[in-house]
Amino acid sequence: MVKDRYSLAFRLYPYERVAEQDADSVVRHPVVIVGGGPIGMALALDLGKRGIPALVLDDHEGIGKGSRAICFAKRTLEICDRLGCGQAMVDKGVVWNLGRVFKDTEEIYSFNLLPEEGHLRPAFINLQQPYFERFLVEEIRAAQAAGAPIEIRGRNRVTAIDRQADHTRLEIDTPDGPYAIEADWLVATDGANSPIREMMGLGFEGRIFEDNFLIADIRMEADFPTERRFWFDPPFNRGETALMHKQPDDVWRLDFQLGWNIDRRAELDEEKVKTRVRGMIGDDIPFELVWTSIYTFRCCTMADYVHGRVIFAGDSAHQVSPFGARGANGGIQDIDNLGWKLALVLQGRAPESLIDTYHTERKHGALENIKNSSRSADFLTPRSPAHKLFREAVLTLAADHAFARPMVNSGRLSVPCTYDGSPLNTEDGLPGGPERTRPGSPCPDAPVGESFLLSHLNGEFILLGLNAEIPNKVEVPGVRAIGMTLPAEGLLADRYLGDAPSAVYLIRPDQHVAARWPAYDAAAAQAALKRAAGLE
Amino acid sequence: MADLVTTPNLPRTDDFYAALLAAHEGLSEAEMHDLNARLILVLANHIGDLDVLTQALAVAGGQRATTDPTKT
Ligand SMILES: Cc1cc2nc3c(=O)[nH]c(=O)nc-3n(C[C@H](O)[C@H](O)[C@H](O)COP(=O)(O)OP(=O)(O)OC[C@H]3O[C@@H](n4cnc5c(N)ncnc54)[C@H](O)[C@@H]3O)c2cc1C
């Protein structure tokens, strides 16, 4: 028996008996992904499109009801573009730019995410997490139809693992009873309470924040503008905070801070929730409750994301507070980083030690996300009289003085991290080159004729020449980079040349800069490519 | 890195001190705390240098002035 732990929004991968359940011997798979949330599905898609067989085991038959994540960042959309489903997300999502912050009834601060010019994707879209996951699964179905070796097994719950030096054996429960398989590599994307992490007895260290938040997703037809509204101490939730944010389908995310000592059941009472909602939106607008829940949060991380041939990604590896939208957005960057590395190792083109750099680089990213989201949480949930004192001081000053407004912290929204100091980087060799495209940086988008730069960086190593002669490829044993020359003008030149007259960039399959120079030098390019692929 | 000035730097010291006391005149303890918190934020913004502020926090917290806060 595999009982559901939550109800489904979309039933997309019903249980089907597979031959392996009847086989006499245990079948070995190159990669088994445990957990078909957004992160596991995105990894399967990345690997499958690279021709690497990926098996996803999920203990449900589809996507859970209830929208957790709603804000998806530009970098996530760019990664999903590479995976093939970014457009569907943007078409469905709500683009927003304006965030307004109120204290009591007065607006004290507003920020505009005003997208910098010359990017294909907006800074953020709002989209219910079940849609986000559905677009990933739909793209998996399309990829499967085109021959990508991906398999999803619904209602397959991993109940035990046995780790060996070069593989892991998994015990799986299904409606037809248990069976076992083996995995050369196991990737645990089984969420914040990761059963795999538990089975391995590994820690999850960090801070728990003593606060509760009530989410009420409501459907209403109202002409509130498409902006993020955040309140400190509003009349309808005295002493606490509140948030209102638009989603597709006329659904709005309302979020009410409740404090620590609450009666959860009483707070979830439908009438009580509706009273709160009316307090925020007024008595006159009809609405329907779509989903309510109470959440608490913690900011935690595992010490190591790679344990031999078991790898942790997404919430299983690290968890952040929702303020700043760094959970799913951070997790998608994990698999962007892991996909190509795992593919190179499985194809025997790079050594296993390349996987260790996944840990180094993504732990760096996770710590940055934890730092930012902990600071937001500290501002929202002051832990001591001193915290309260300074927050009040900031909020009071912010009403009249511009300088205090940037100190108001209702969430610092997710931006990708730069892998400064990564062992895969080659020291910056471009005098006058812009800071934002130094080695380790995620490539900022820029227009290229009618298209955009990132659409040309399609998941392989790229050698990009700007006003520089380069060969059509660079090869070292195991890997090659494809040469590409683009006219260095306008925003592309601003972002990649700066004060330099010409440049050559080595760009990784995950669109991060590995190295850059003023001109092509064969030996330097080969050395950088070897280094970026973990070959030295 | 800019150094925190810990030698006398404020002309008319007594006037400033009197103004500081006057600003606190008649305030309850809670109001005093509020005023001081706002004052710190106003001054911090004016100084506008994280290195200097980090040294200032260390000095205010009882450490000896130093040019390198990591060496205290
Ligand atoms: C209130 C709230 C708001 C949020 N808002 C945002 C936001 O705006 N933006 C953002 O980026 N993030 C946000 N997040 C975070 C985001 O929801 C998570 O980071 C994201 O869901 C993590 O994805 P995951 O795939 O790692 O894990 P999960 O989504 O938890 O998926 C894990 C999967 O593993 C399966 N599983 C578990 N155990 C087993 C097993 N033994 N065998 C087989 N399968 C198993 C589960 O059923 C599930 O399908 C928010 C979170 C909350 C709670």
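Dipole of the protein assembly as shown, Cα-centred, from +1 at each Lys and Arg C-beta and -1 at each Asp and Glu C-beta, to the nearest 20 debye?
Here the protein assembly as shown has a charge dipole of around 540 debye.
List the pairs from A:341/A:473; A:49/A:341; A:92/A:246 whose alpha-carbon separation is above 24 Å, in the order I gave them.
none
How many percent of DSSP beta bridges within the protein assembly as shown run antiparallel, rounded to 5?
75
To the nearest 0.05, how large is the calculated FRET efficiency for residue A:5 and residue A:28 if R₀ is 30 Å and r is the Cβ-Cβ distance?
Efficiency, rounded to the nearest 0.05: 0.55.
So which helices of chain A fit the span-like rule, where a helix is a whole DSSP H run, its Cα atoms reach 20 Å or more along the axis, and its mean Kyte-Doolittle is at least 0.0?
Flagged H segments are A:327-346, A:385-400.
Do you know the relative contact order of the stretch A:316-415, to the nearest whole percent, from alpha carbon pairs under 8 angstrom that are 6+ apart?
Once divided by the residue count of the stretch A:316-415, the mean separation gives 37 percent.
To test your reading of the geometry: what angle, between 0 and 90 degrees and rounded to tens, separates the Cα axis of helix B:50-60 from the longest principal axis of chain B?
Once rounded, one gets 70 degrees.
For the pair residue A:536 and residue B:9, what calculated FRET efficiency results from E = 1/(1 + (r/R0)^6), where r is the Cβ-Cβ distance and R0 = 51 Å, to the nearest 0.05?
That gives a FRET efficiency of 0.40.
Once the dipole of the stretch A:73-212 is set up with Lys and Arg at +1 and Asp and Glu at -1 on Cβ about the Cα centre, which of A:147, A:105, A:193 lies farthest towards its positive end?
Checked the options; the winner is A:147.
As a check on your grasp of the helix formula, calculate [θ] at 222 nm for chain A: sum -39500 (n - 2.57) over DSSP H runs of n ≥ 4, divide by the residue count, round to the nearest 500.
One gets -9000 deg cm²/dmol as the mean residue ellipticity at 222 nm.
For chain A, which span is the longest to avoid every loop-located (per DSSP) member of chymotrypsin sites (Phe, Trp or Tyr not before Pro) having at most 16 other Cβ atoms inside 10 Å?
Within chain A, the longest run free of exposed chymotrypsin sites (Phe, Trp or Tyr not before Pro) spans A:261-536.
Could you tell me how many degrees, from 0 to 90 and to the nearest 10, lie between the Cα long axis of helix B:29-47 and the main elongation axis, the longest principal axis, of the Cα atoms of chain B?
Roughly 40 degrees between the two axes.
When only Cα pairs under 8 Å and 6 or more residues apart are kept, what is the percent relative contact order across the stretch A:1-108?
Relative contact order here is 28 percent.
Cut-off under 26 Å on the C-alpha distance; same-chain residues fewer than 8 positions from residue A:3 excluded. Which lysines are left, in chain and number order?
A:65
Give the Cα extents of the protein assembly as shown along the principal axes, in whole Å, largest first.
Cα extents, longest axis first: 87, 65, 48 Å.
Of A:360, A:289, B:40, which is farthest on the positive side of the dipole of the protein assembly as shown, counting Cα position, with +1 on Lys and Arg Cβ, -1 on Asp and Glu Cβ, and the Cα centre as origin?
My answer, from the dipole projection, is A:360.
Rule-based calculations on the coordinates, nothing more; no lab input. Just so we're clear, the structure is a prediction, and the values are computed from it rather than from any experiment. Using ideal geometry, Cβ is built from the backbone for each residue, glycine included, and neighbour counts are taken over all protein chains shown.
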